[in-house]
Amino acid sequence: MARRTRTAGVIAAVAASVLVLGACSSGSEEPAADDTAAEAATEEAPAEDATADEAAGGLSDIRVAAVIKDEANPFFGTIAQGMRDAADEYGVELTVEYAPTTNDEVGQADKLNTLAGQDYDCFVVIPISSNNLNQGLGQLSQAGTPIVNIDSPVDAEGLAAAGGAITAFVGTDNYQAGVKGGEVMKGLVGDGATIGLIAGLAGNVTSNARIDGFQEGAAGLTFVGPVNADWETAKALDAAKAMIAANPDIAGIFAANDTMAQGIAQAVAESGKDIKVMGVDGIEPILVDIEGGKVTGSVSQYPWVMGKLGVEACIVAAQGGTVTEFVESPAVVVTADNVAEAISNFPKPPGEFDSPFSAQIQK
């Protein structure tokens, strides 16, 4: 999508260069050899710029901004990597801002509000809660700026009340991800076993969907919890210790994300018991833990794919194309059986995936 303000700047810069060159040669009827070379270089420059722009996909005038969760979590770092890889592939400008800390809803909203006034063509967002970005997103929508929501869904009704709407959502079906994890866990521990549940933030849509899905997939088991650990490793460690102490027969513990699963794995190791640990996300450290036998499995969401699809959707929207409203990114349960393949392909998924956006991008 051409941007008049940026184009005007380029035209002004070229005009200034012509005036400078004219002033340098005004004292002579015949141009000197150096002036001739300079003029030749000037004539060739646009062709070189055009070639560079073509190599970048001709999309260098598109600016994408992303506001996601905290950088300390490897899952969101991998999402950002997917975004940057997509931006490099298509030659678009990308700015990524992280929430200051895991649960800093106000700090994340401030990041969005700062970027909202900087003339970006499209935004990719992962809200900490379903409503904490609504005010800024509402203003962006009213200004006609497309918004691509990935991973954690924005509350549509709350955003509508703020005057906004999401252009597209890209993410895992978190309920089905939980179902897949529950089915694998049930197959490992058998009917009637006791399973602990450790959730993220209280009331969080993503966490609730994963926990509910897990209980469906593991129907027939006895559940303890869920206990909220706010997505944090240390809090999950403490919660798991309490669960293990209060339930001596506990056979497994499911966490709504992998960073909490890491804390649970530490509690299990300290207990000396054979307790299965299942998480969600597929971050690289958890794959290493699965390979080493510390963790049983993870429902891998392939965050790199999610980030890449988010930027591709933004490009299509910025070009005025019709964006698919919901795109489900792949999710695969990784255990000892397939962890070697998952590690060798990380951050990409083990198999091929089809992007619904790549063919729509006008290069």
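See the values below:
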item	result
Selected residue [in the same structural domain as residue 260 (by TED's automatic domain parsing) and either without any contact (Cβ under 8 Å) to a residue 24 or more places away in the chain or not acidic (Asp, Glu) (or both)] from 192, 158	192
Any hit, region 105-128, residues being crowded, with 24+ Cβ neighbours inside 10 Å and over 26 Å from residue 259 (Cβ atoms)	yes
Meets criteria (outside the structural domain of residue 73 (by TED's automatic domain parsing), at negative phi, of a type outside the set (S, T, N, Q) and assigned to a helix (DSSP H, G or I)) for residue 223	no
Which numbered condition residue 139 misses (of (1) assigned to a loop (DSSP other than H, G, I, E, B); (2) under 20 Å from residue 106 (Cβ atoms))	(1)
Failed item in (1) more than 27 Å from residue 96 (Cα to Cα); (2) among the polar types (S, T, N, Q); (3) out of contact with any helix residue (DSSP H, G or I) (no Cβ under 7 Å at 6 or more places or on another chain), with residue 271 passing the rest	(3)
Some residue of region 85-101 being within 21 Å of residue 168 (Cα to Cα), surrounded by fewer than 23 Cβ atoms within 10 Å (Cβ to Cβ), aliphatic (A, V, I, L, M) and at pLDDT below 95	no
Residue match in region 153-173 (condition: part of a strand (DSSP E or B), aliphatic (A, V, I, L, M) and more than 24 Å from residue 101 (Cα to Cα))	yes
Criterion violated by residue 209 - all others in (1) within 19 Å of the chain's Cα centre (by Cα); (2) outside any helix (DSSP H, G or I); (3) hydrophobic (A, V, I, L, M, F, W, C) satisfied	(2)
Among the candidates 176, 215, residue that is within 23 Å of residue 301 (Cβ to Cβ), in a helix (DSSP H, G or I) and without any contact (Cβ under 8 Å) to a residue 60 or more places away in the chain	215
Near pairs, Cβ below 9 angstrom, 6+ apart or cross-chain, from region 79-106 (within 15 Å of residue 347 (Cβ to Cβ)) to any residue that is of a type in the set (Ser, Thr, Tyr) and buried (at least 20 other Cβ atoms within 10 Å of the Cβ)	80/98; 82/302
Index of the failed condition, residue 124 passing every other in (1) outside the structural domain of residue 257 (by TED's automatic domain parsing); (2) part of a helix (DSSP H, G or I); (3) closer than 25 Å to residue 353 by Cα	(2)
Residue ID - nearest to residue 61 (Cα to Cα), chosen from residues in region 99-121 that are of a type outside the set (Val, Ile, Thr), touching a Gly at 6+ places or on another chain (Cβ under 9 Å) and outside any helix (DSSP H, G or I)	99
Count of residues meeting criterion [acidic (Asp, Glu) and farther than 24 Å from residue 244 by Cα] in region 263-314	2
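The values are calculated or read from the model by the stated rules, or taken from the named source; none is laboratory data. Note that the structure is a prediction, hence the values are computed from the model and not measured. Methodologically, a virtual Cβ is constructed for each residue, glycine included, from the backbone with ideal geometry; neighbour enumeration extends over all protein chains shown.
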